[in-house]
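Encoded as structure tokens, the structure appears first; notes follow it.
The values are calculated or read from the model by the stated rules, or taken from the named source; none is laboratory data. Only a predicted model underlies this, so the values are computations on that prediction, with no experimental measurement involved. Cβ placement follows ideal geometry from the backbone for every residue including glycine, while neighbour counts extend to all protein chains displayed. All accessible areas refer to the heavy atoms of the entire protein, side chains included, with ligands and DNA or RNA removed. Shrake-Rupley method; radii C 1.70, N 1.55, O 1.52, S 1.80 Å.
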Amino acid sequence: MTTLRFSVDNMSCAGCAGRAERALAAAPGVSEASVNIANHMAQVSGDFSPETLRAALKTAGYPAREATHRLTIEGMTCASCTGRVERALEAVPGVLSANVNLATQTATIRTLDGAVTLDTLAVTVTDAGYPARPVDDETPSEHHSEIEPLRRDTLIAGALTLPVFVTEMGGHLYPPLHHAIMGSLGMQTFWVLQFLLITLVLAWPGRRFFRIGLPLLAKGSPDMNSLVALGTLAAWGYSTIATFFPGLLPDGTRAVYFEAAGVIVTLILAGRWMEARAKGRTGAAIRHLIGLRPDTVLLSRDGEFSERPLSEVALGDVIKVLPGGRIAVDGIVVEGDAFVDESMITGEPVPVAKTSDDPVTGGTINGRKALIYRATAVGSNTVLARIIDMVQTAQGAKLPIQALADKVVRIFVPVVLGIAALTVAVWLIVGPEPALSHALVAGVAVLIIACPCAMGLATPTSIMVGTGRAAELGVLFRKGDALQRLDSAKVIAFDKTGTLTEGRPTLVDQHCAPGFDRTEMLRLAAAVEQGSDHPIARAILAAAAADLPEVTESETFAGYGLSAHVEGQAALVGSEQHLIENGVDTSPLREAIAQYAEQGNSLVCLALNGHAAAVFAVADQIKPSARPAIDALHAAGLKVAMISGDNAAAAQAIARQLGIGHVTAGVRPDGKVDAIRDLRSQFGTVAFVGDGINDAPALAEADIGLAIGTGTDVAIEAADIVLASGRVSGVVNAVDVSRQTMRNIRQNLFWAFAYNTALIPVAAGALYPAFGLMLSPMLGAGAMALSSVFVLSNALRLRRIAPAQQDTRDTRYVEAPA
């Protein structure tokens, strides 16, 4: 029987509480349920799963609040450890899911809000054998704390083992050395010295394997440390008996393997030291992002600027940033003008001009002039904080491709123990003399060479480095599994307005009837339009000169245009139909009208005193980065489609210029969802790129949603990936990062599985019958240590991913000295 208390959302009255209570009471396994409207808390007793309660409340329309907690965990060395911690956390009442990341040494736990405390979760993990504590949100999980102890232990183990290794193995390679040692020390004294040195190795730097591995073995849940502990104890124990109690061993089997135990511990410690250093580099992107926050700011207090800690900044505070300084928080410029380098946020190399009322983003670098700005977002609400949270969330994700590795790892260590026991038994039964020595060497080699670490690190390390590098390129994966889904995309569908185009109409051309001046006609048309807030009217106003004449008797005809008197002339401005209905002959403009319409432009006609005077072509300009991006996607083997609410002529005109063959035009927001489904049925997995509120349903429906970072918050919340730069080239970079990361993961998984599949039989002695070869446990330890280092080194190659496509703008800019 379990009792849970947790928070419930969307309740506004006692009736809501009653419906939520009845929904919980009807859930399978619930014996008693009550919901309190005053504090929005539910209390449920019975034998149930938290997921059952969550589903019942969601169906009733009163979703359970969920909380996400993070723990940093010590002592995890292989994928078996992560599986054990996940199972321990998921057994805690109120936990919905637990995801443990070996690469970051962290756990992300999703719970019913209020049902379980972070301290309870930390205690649960600690009781499972892995010390845990809550993650400090300001600092990423570091591996520096474990690097120094591992370095120290490796050097100590190496110093103690080296004399044993050199004298023992050197004696085999160079017999005079062996004779000299036997002549001066004697065999018994030599073995006793080996015993003392290697016992120190196991009891001092090697104790970590026994402290963790033996208790887990006793609990029936062995891990990688258990394998190393058993292997080294077997070698040390056999050698100790051979040294001090030789009569217990059969004739001809007296030999020592102290050097094997010492070298195994030294090599595995060295491997973990290199592994910890490599893990530290995988988190470089997060540390770089956090490092963008300055420690202090120049804050305005009583009319004067003084240096204060960043933590003192509040909403509305006025801050000064000096030339070359880093902007501390998001804000609006109130004084000054300068170019700001935003590349660390957007990935774009071109500094952006900022002047009064322009927004600035925390973490960006000011140019050569001072700026004063007012804080509009601080703490966790800044763009930089949200980016860090997105990257950390994506890095902690578990991809579908990892499922097989998780299943194998769950049974891996027990299977290896079984193989080792079987190996010893077979050698004892059918092996040549000395069978006991052969059995010991083969059994220890199997225990030592088996490596679940590589399988556990294969996916999370690549995700960490790949998503971190993507963030540096201005591509933010909000959900880690979007990495894998984007890799499988067959078609990329774009919204048109604001995504492929600038999202604001501009005047692109005009044609005047004979006898009418271009500049004058534009000035008069703009004068008539100046009272309108229509985007097309604003485009004409923006193109005209500032000195517009007075307008009288202005009248609007909804859907058609306007009429007015300007400079003593009767003017009509609007559609061709508007002019025709007012008795104007439009034949002088008809050829230009037809040409502009075929190009997909919006048309504005002008008539003066009943005569057709001019026609203006207004269009939403294509973004400079759009065509190169579309070409790159085609080159990558992807289908490209466009979905637009615009009329077919305008949409087709844009598509022709961009080389897009599949166009769906004239659709409402819900029609975009149907268009996504049609594309999926035709081509397969669909990625959709959009920026507006009306794109949110399509972003949610698509297999992968990519939101332009300059778009609305609603679109960004519905997306899986955010393109911070706001440029179409970000789509190409996202696809490239996804493909390279997934290829890297497959390489790592192949190596991890191939390594264990090939070398465990070799360690067991599979080559002995044919070639008389046996694998030394020392070589096994070296191979095991290097297998994890290989996986990490391969993942770190992703840090060198170059932008698949750079911004197409001229990167030169000129700024006067301050």
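Taking 7 Å steps out from each Cα toward its Cβ at Met187 and His534 produces label points 10.6 nm apart.
Relative to the present Cα-Cα distance, how much length would full extension add between Leu249 and Ala770 at 0.36 nm per residue of separation? Could you put the intermediate results ahead of the total?
Details: separation 521, 0.36 × 521 = 187.56 nm, distance 2.86 nm.
Here the segment from Leu249 to Ala770 would lengthen by 184.7 nm.
Determine the shape class of the range 129-268: with a ≥ b ≥ c the square roots of the Cα gyration tensor eigenvalues, call it rounded for a/c under 1.5, and otherwise prolate if a/b is greater than b/c, oblate otherwise. Cα axes put the range 129-268 in the oblate bin. Solvent-accessible area per residue in the chain equals 43 Å², computed with a 1.4 angstrom probe and all protein chains kept. For a straight C-alpha distance cut-off of 19 angstrom, the lysines reachable from Lys369 (same-chain residues fewer than eight places away being disregarded) are Lys320, Lys354.
Over the chain, how many percent of alpha carbon pairs lie in each 10 Å bin up to the one with the longest distance? Taking every Cα pair in the chain, the percentages come to 2, 11, 15, 18, 17, 13, 9, 6, 3, 2, 1, 1, 0.
Between Arg590 and Asp406, the modelled labels are 7.0 nm apart [label points 7 Å from Cα along Cα→Cβ].
What's the extension gain from Glu304 to Ser488 if we count 0.36 nm per residue and subtract their Cα-Cα distance? Write down the numbers at each step before the final one.
Details: separation 184, 0.36 × 184 = 66.24 nm, distance 5.65 nm.
Contour length minus Cα-Cα distance gives 60.6 nm.
For the chain, with all protein chains in place and a probe radius of 1.4 Å, 56% of the accessible heavy-atom surface sits on carbon or sulfur.
In straight-distance terms, cross-link reach from Lys407 covers every one of the lysines whose alpha-carbon lies under 28 Å from its own, apart from those fewer than eight places away in the same chain; here that gives Lys219, Lys279, Lys398, Lys479. Of all lysines in the structure, the ones whose alpha carbon falls short of 16 Å from that of Lys623, not counting any fewer than 8 places away in one chain, are Lys496. The label-point distance for Leu322 and Asp119, in a model that sets each label 7 Å from Cα toward Cβ, rounds to 4.5 nm.
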